[in-house]
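A short worksheet on the structure shown next.
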Amino acid sequence: MKKTNILLTPAIRSAETLRTRFEINNLLCLALGATFFGTGIAKVVTVDFVLETFQGSNLAPGLLGAIGLLEILAATLTIIPTTRLLGSGLISLIMTGAIAYHMMRAEWMLVTIPVAALAMALSSLLLELSLRKAEPAPASTYAS
């Protein structure tokens with residue numbers, strides 16, 4: 001039996017996996033990717049509302065752009081089926097940092113956004129893992 005790398009193997013629909021779970025994961029990853037692509041670009045081009053959020057912090061000026069580039073990378077990885085697991089994991093790490101940042105600054109209303117994004121990224125991560133571990137379905141299953 002050939003051993004495959006689960007990290008770079010795209011998810012498959014299998015006999016025991018419902019089609020809806022597969023499609024929900026696809027939609028979730030597309031939503032995460034589109035959202036983080038947008039927020040990443042906003043940080044890279046330094047949109048005013050993003051600058052206002054980071055005013056008063058003692059962060060290095062280039063850090064905002066670096067975070068934006070990481071978000072764009074994570075978005076791209078999340079949209080591509082083969083690298084979806086890596087992208088969801090990277091989004092989870094970024095959101096954990098965002099939660100810590102906003103909690104240290106006592107910005108309680110701003111904490112809710114990364115918490116929701118973290119929940120979506122972790123849901124996608126778990127769905128993707130369960131889909132990758134499933135056995136492939138017979139060819140006739142894909143026809144329906």
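The values are calculated or read from the model by the stated rules, or taken from the named source; none is laboratory data. Here the structure is a predicted model, which means the values were calculated and not measured. Here the Cβ positions follow ideal geometry from the backbone for every residue, glycine too, while neighbour counts run over all protein chains shown.
Data overview
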item	result
Which numbered condition ILE80 misses (of (1) of a type in the set (A, V, I, L, M); (2) closer than 20 Å to ARG132 by Cβ; (3) modelled with pLDDT of 95 or more)	(3)
Condition broken by ILE72, with the remaining ones in (1) modelled with pLDDT of 90 or more; (2) of a type in the set (Val, Ile, Thr); (3) surrounded by 15 or more Cβ atoms within 10 Å (Cβ to Cβ); (4) more than 12 Å from the chain's Cα centre (by Cα) satisfied	(4)
Number of the exception - LEU7 against (1) assigned to a helix (DSSP H, G or I); (2) within 22 Å of the chain's Cα centre (by Cα); (3) farther than 14 Å from SER130 by Cβ; (4) at pLDDT 70 or above	(4)
Within the range 42-69, considering residues that are more than 18 Å from GLU107 (Cα to Cα) and touching a residue at least 24 places away in the same chain (Cβ under 8 Å), the one surrounded by the most Cβ atoms within 10 Å (Cβ to Cβ)	LYS43
Any chance GLY87 is within 26 Å of LEU125 (Cα to Cα), surrounded by fewer than 17 Cβ atoms within 10 Å (Cβ to Cβ) and either under 17 Å from the mean Cα position of the chain (by Cα) or acidic (Asp, Glu) (or both)	no
First in the range 93-114 and modelled with pLDDT of 95 or more, second anywhere and among the acidic types (Asp, Glu) and surrounded by 13 or more Cβ atoms within 10 Å (Cβ to Cβ), Cβ under 6 Å, 6 or more apart	none
